[in-house]
1. Can you confirm whether segment 134-141 contains a residue that is part of a strand (DSSP E or B), among the acidic types (Asp, Glu) and modelled with pLDDT of 95 or more?
2. Are any of the residues in segment 191-200 open to solvent by less than 60 Å² (accessible area, probe 1.4 Å), more than 17 Å from ALA104 (Cβ to Cβ) and not hydroxyl-bearing (Ser, Thr, Tyr)?
3. Yes or no: segment 148-159 includes at least one residue that is part of a strand (DSSP E or B) and open to solvent by 60 Å² or more (accessible area, probe 1.4 Å).
4. Condition (residue is more than 18 Å from the chain's Cα centre (by Cα) and near the ligand (Cβ under 10 Å from one of its atoms)) applied to segment 19-40: is it met by at least one residue?
5. Is segment 220-230 home to any residue that is closer than 30 Å to GLY78 by Cβ and touching a strand residue (DSSP E or B) at 6+ places or on another chain (Cβ under 7 Å)?
6. Give the number of residues within segment 203-219 that are in contact with a strand residue (DSSP E or B) (Cβ under 8 Å, 6 or more places away or on another chain) and of a type outside the set (Phe, Trp, Tyr).
7. Would it be correct to say that TYR217 is closer than 13 Å to PRO125 by Cβ, among the aromatic types (Phe, Trp, Tyr) and open to solvent by 50 Å² or more (accessible area, probe 1.4 Å)?
8. Scanning segment 169-190 for residues that are of a type in the set (Gly, Ala, Ser) and part of a helix (DSSP H, G or I), which turns out surrounded by the fewest Cβ atoms within 10 Å (Cβ to Cβ)?
Amino acid sequence: MAETKSDENVRFSGKTINACMDTEIFGRTLVFRDETESTNNDARAFAENGCKPGLLVVADMQTAGRGRRGREWLAPSGQNIYMTLVLKPECVPDNAAAVTLVMAISVLEAVREIIPDIEGGIKWPNDIVVNNKKICGILTEMCAESGKIRYVLAGVGVNVNQKEFPNEIKETATSLFLESGMETERSRLVSRVMYFFEQNYRLFEKTWDLKLMLDKYNSMLINRGKRVRVLDPKGEYEGIAHGINENGGLIVERQDNGELVYVYAGEVSVRGVYGYAI
Ligand code: BTN
């Protein structure tokens, strides 16, 4: 029998996303691709050509999806969300990394609104996890010149309706479908992420840090109050995570000497002591 597209798949298009977008700026200019290499690459091309901030590229499938630390991001068609938002924050480049955490808060708010029973949280700094497995990854890339930001690309991959994962990642990856037992309408989720991101970004713009979102982020942080293993190339250690500071650094009380240290993403990553997240 010929493969037929599910209703949800048929409905996922620029038209269906536009129909539920209720933001002022973010996502109002929308580029939808059935297939592309990477929405971050597409967004970069638009940014290089001088597009306005708020342009959103969404794809149904990516052939060369990228994750953090040069990893691949698997992006099959008809199931998930792959999207990248172009931003032009008027802050110093060091502060732009916080955009990733602002996006993580926003994705989780949107997921919780659509699936209220879901037990999701943020694994520092920006993975959304459910039951100790990842459902969303965020790849933020920046272009700056002479200490000034030209643009920031916030790339988001959400595992929405994927029913199975390859063996290599099935211990650490899951989808909203696998965790909730129901299909989620991707157009609606895209538009709700944009809605919450626009609200949160307005707070971010006031201080160019996370001061006004600290409580919200920390309440979503699944590592908070838990033992974590800090994978620092200079030497791994364990400690208790107490939350983030306004720059997005994770405050860890080291187990070996009781010292409070601030861990910043980049070279360093954090794992739970028992599993991927906690
Ligand atoms: C991670 O490693 O956790 C980040 C994954 C980010 C994947 C998204 S999918 C949309 C955008 N385009 C890409 O090539 N990557 C990001």
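The values are calculated or read from the model by the stated rules, or taken from the named source; none is laboratory data. As the structure is a prediction and not an experimental result, all values here were calculated from the model. Here the Cβ is made from the backbone with ideal geometry for all residues, glycine too, and neighbour counts use every protein chain on show. Ligands, DNA and RNA are stripped out before the accessible areas are found, and what is left, the full protein with its side chains, is counted by its heavy atoms. Shrake-Rupley method; radii C 1.70, N 1.55, O 1.52, S 1.80 Å.
1. Here is the first cut: in segment 134-141, the residues part of a strand (DSSP E or B) are 134-141.
Filter once more, so that each one left must be among the acidic types (Asp, Glu): 141.
This time we only want the ones that are modelled with pLDDT of 95 or more, so: 141.
Within segment 134-141 (the criterion being part of a strand (DSSP E or B), among the acidic types (Asp, Glu) and modelled with pLDDT of 95 or more), the answer is yes, since at least one residue qualifies.
2. If we filter segment 191-200 for residues that are open to solvent by less than 60 Å² (accessible area, probe 1.4 Å), which is where we start, we get 191-194, 196-198, 200.
Right, trim to more than 17 Å from ALA104 (Cβ to Cβ) and you get 191.
If we keep only those that are not hydroxyl-bearing (Ser, Thr, Tyr) too, we end up with none.
No - not one qualifying residue is present in segment 191-200.
3. Initially, segment 148-159 is screened for residues part of a strand (DSSP E or B), giving 148-158.
Now narrow it down to the ones that are open to solvent by 60 Å² or more (accessible area, probe 1.4 Å): 148, 150.
Within segment 148-159, one or more residues are part of a strand (DSSP E or B) and open to solvent by 60 Å² or more (accessible area, probe 1.4 Å).
4. Residues of segment 19-40 that are more than 18 Å from the chain's Cα centre (by Cα), as a first pass: 19-25, 28-37.
Restricting the remaining residues to those that are near the ligand (Cβ under 10 Å from one of its atoms) gives 36-37.
Taking every residue of segment 19-40 in turn, at least one turns out to be more than 18 Å from the chain's Cα centre (by Cα) and near the ligand (Cβ under 10 Å from one of its atoms).
5. From segment 220-230, those closer than 30 Å to GLY78 by Cβ are 220, 222; that's our starting set.
From the residues that got through so far, the ones that are touching a strand residue (DSSP E or B) at 6+ places or on another chain (Cβ under 7 Å) too are 220, 222.
Within segment 220-230, one or more residues are closer than 30 Å to GLY78 by Cβ and touching a strand residue (DSSP E or B) at 6+ places or on another chain (Cβ under 7 Å).
6. Keep residues of segment 203-219 that are in contact with a strand residue (DSSP E or B) (Cβ under 8 Å, 6 or more places away or on another chain), which gives 210, 214, 217-218.
Within this subset, residues satisfying the condition of being of a type outside the set (Phe, Trp, Tyr) are 210, 214, 218.
Residues flagged as in contact with a strand residue (DSSP E or B) (Cβ under 8 Å, 6 or more places away or on another chain) and of a type outside the set (Phe, Trp, Tyr) within segment 203-219 amount to 3.
7. no
8. Step one: filter segment 169-190 for residues of a type in the set (Gly, Ala, Ser), giving 173, 175, 180-181, 187.
The next check asks that each one be part of a helix (DSSP H, G or I); those that pass are 180, 187.
Working: SER180: 18, SER187: 23.
So the residue we want is SER180.
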